[in-house]
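J.: The structure is given below, and queries will be raised subsequently.
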Amino acid sequence: MNSEIDTAPPPPPLQDTPPPTKAEARGATRPGDRIFLGLSRGSGILLLLIMAAIAAFLTYRASLVLTENEGNFLTTFEWDASAIPPNFGIAVLAFGTIVSSIIAMVLAVPIAVGIALFLTHYAPRKLGGPIAYVIDLLAAVPSIVYGLWGALFLVPHLTGLFSWLDEYLGWTGIFEWQGGAPRTLLTVGILLAIMILPIITNVTREVFRQAPQMHQEAALALGATRWEVIRMSVLPFGRSGIISASMLGLGRALGETMAVATVLSPSFTINASLLDPGGGTFAQNIASKFSEASVQGRDALIASGLVLFVITLLVNGLARAIIERRKEYSGANA
């Protein structure tokens, strides 16, 4: 018996592999990946440049007239931009834009969430399909059509609602009605709620459809009712989506032009009652005065557009902050 033990040759030493580069980590090692990465990055940079160019244009044109404005741009209740010197302000426009948008959001968001929950968790497929199709069609209706419908149908049929509000809530002062035509900020808010309802509903419906099915089945297995499943699994998951959908609708409400101009009886007064005619919005004021305004008047309208631009940016920034803070509750990482 051979006493020598055959031993296998030792394995080669392990070589340290260099860490992947940033391009390799992003999967951009092939030409197609590098091209796609460059196009994506360029699109993002181009979007930022366009936004910066818009902001620079609005700021420049606004500065030409704001330096000559006789009144306080933020607190003046008048709009006489063609006078020498001009005297105009955005107090009434800011009030009307914010109030009408808040009314629209208060009316539209709960209804939209309820419709989305009904379509995704309660309605049978044969009924949910046609309803979803009709909602999609409502989102495609032009704003001028909504405006004509609001002026010719909605306004005449709101007298009963205004009378009821005045009878039971008129003591608050907010719903006191003097009997005029219902071309008020409340009417604008109702019309805007109808216009943004399809947008919020469609986005929220798609978010609810992405809710984890295993979470819902686990809750049902533990004996939860359908509403408890929605409250514990679906709504927490879709909270960020609801906020995003609401911000999309709010952006539509803030910038709506033709429908508001068709329904509202504008005036540069702020009324305590939502049922009194008067008020105005940024977009409505720009649309109604731009064609006949002088160069100085157009610069004043551009200045008001700059304020609307800033308000929109602030609203979207606030929405992003809320979504980031509540990301851990959304269920997206589950």
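The values are calculated or read from the model by the stated rules, or taken from the named source; none is laboratory data. Note that the structure is a prediction, hence the values are computed from the model and not measured. Positions of Cβ are generated from backbone atoms using ideal geometry, with glycine treated the same way; all protein chains shown enter the neighbour counts.
J.: Could you tell me which of the residues 217, 176 is of a type in the set (D, E, K, R), modelled with pLDDT under 90, in contact with a helix residue (DSSP H, G or I) (Cβ under 8 Å, 6 or more places away or on another chain) and on the phi < 0 side of the Ramachandran plot? Spell out the reasoning first.
T.: Numbers: 217 fails: in contact with a helix residue (DSSP H, G or I) (Cβ under 8 Å, 6 or more places away or on another chain).
That would be 176, the only listed residue that is of a type in the set (D, E, K, R), modelled with pLDDT under 90, in contact with a helix residue (DSSP H, G or I) (Cβ under 8 Å, 6 or more places away or on another chain) and on the phi < 0 side of the Ramachandran plot.
J.: Right, something else. Which is at pLDDT 90 or above, among the hydrophobic types (A, V, I, L, M, F, W, C) and out of contact with any His (no Cβ under 8 Å at 6 or more places or on another chain), of 272, 287, 303? I'd like the intermediate steps shown before the answer.
T.: On the way: 272 fails: at pLDDT 90 or above; 287 fails: at pLDDT 90 or above.
None of the others qualify; the one that does is 303.
J.: Quick check on region 31-71: of everything there that is within 13 Å of residue 306 (Cβ to Cβ) and polar (S, T, N, Q), which residue is surrounded by the fewest Cβ atoms within 10 Å (Cβ to Cβ)?
T.: Filtering region 31-71 for residues that are within 13 Å of residue 306 (Cβ to Cβ) and polar (S, T, N, Q), the one surrounded by the fewest Cβ atoms within 10 Å (Cβ to Cβ) comes out as 63.
J.: For region 167-221, name all the residues that are under 28 Å from residue 239 (Cα atoms) and in a loop (DSSP other than H, G, I, E, B).
T.: Passing the criteria: 210, 211, 212.
J.: So if I check each of 172, 97, which one is among the polar types (S, T, N, Q) and buried (at least 16 other Cβ atoms within 10 Å of the Cβ)?
T.: Values: 172 fails: buried (at least 16 other Cβ atoms within 10 Å of the Cβ).
Criteria check complete, one pass: 97.
J.: Could you give every pair whose Cβ atoms fall below 8 Å, whose first residue belongs to region 267-281 and is on the phi < 0 side of the Ramachandran plot and among the aromatic types (Phe, Trp, Tyr), and whose second residue is crowded, with 19+ Cβ neighbours inside 10 Å and not in a loop (DSSP other than H, G, I, E, B), counting only separations of at least 6 or pairs across chains?
T.: Hits for this filter: 268/79; 268/92.
J.: Moving on. Got at least one residue in region 227-250 being crowded, with 21+ Cβ neighbours inside 10 Å, under 30 Å from residue 182 (Cα atoms), hydrophobic (A, V, I, L, M, F, W, C) and over 8 Å from the mean Cα position of the chain (by Cα)?
T.: Among the residues of region 227-250, not one is crowded, with 21+ Cβ neighbours inside 10 Å, under 30 Å from residue 182 (Cα atoms), hydrophobic (A, V, I, L, M, F, W, C) and over 8 Å from the mean Cα position of the chain (by Cα), which makes the answer no.
J.: Moving on to the next point. When you scan region 40-61, do you find a residue that is in contact (Cβ under 8 Å) with a residue 40 or more places away in the chain, touching a helix residue (DSSP H, G or I) at 6+ places or on another chain (Cβ under 6 Å) and either assigned to a helix (DSSP H, G or I) or more than 28 Å from residue 277 (Cα to Cα) (or both), even just one?
T.: Yes: one or more hits.
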